[in-house]
Amino acid sequence: MRRSEFDRAVTDEFGPRGGALLVDLVLSDLGDRTATQALDAGVPPREVWLALCAETDVPPERRYGAGRLQPRRS
């Protein structure tokens, strides 16, 4: 997962409150850091996304493949 995909997934899943979750919600799976702190420390976006999903009870079917753009149709 690229950072742009991470950002898109957060926006798609959490809407306007996504930004606040990234800076306010402490994720125990990431060493008691916020998502922003973890990303700044070099934790891969996919790992941060999955920890955020686990902490906020995002259903598994919405966790994988999130943030990817739909393929272009020819």
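Could you go through region 14-32 and let me know if any residue there is loosely packed, with under 14 Cβ neighbours inside 10 Å and closer than 12 Å to Ala66 by Cβ.
The initial filter retains those residues of region 14-32 that are loosely packed, with under 14 Cβ neighbours inside 10 Å, namely 15-17, 20, 23-24, 26, 28, 31-32.
Retained after the next criterion (residues that are closer than 12 Å to Ala66 by Cβ): none.
No, region 14-32 has no match at all.
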Query raised in the report: Between residues in region 1-28 that are closer than 18 Å to Ala41 by Cβ and modelled with pLDDT of 95 or more and residues that are hydroxyl-bearing (Ser, Thr, Tyr) and part of a helix (DSSP H, G or I), which pairs lie under 6 Å by C-beta distance while being six or more apart or on different chains?
Result: Leu22/Thr36; Val23/Thr36
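Name every residue in region 32-51 that is among the hydrophobic types (A, V, I, L, M, F, W, C), under 14 Å from Glu5 (Cα atoms) and out of contact with any Gly (no Cβ under 8 Å at 6 or more places or on another chain), in order of residue number.
So in region 32-51, the residues among the hydrophobic types (A, V, I, L, M, F, W, C) come out as 35, 38-39, 41, 43, 48-51.
Going one step further and asking which of them are under 14 Å from Glu5 (Cα atoms), we end up with 39, 48-50.
Within region 32-51, Leu39, Val48, Leu50 meet the criteria.
The values are calculated or read from the model by the stated rules, or taken from the named source; none is laboratory data. The model shown is predicted, which means the values in this text are computed figures rather than measured ones. Backbone-built Cβ (ideal geometry, glycine too); neighbour counts: all protein chains shown.
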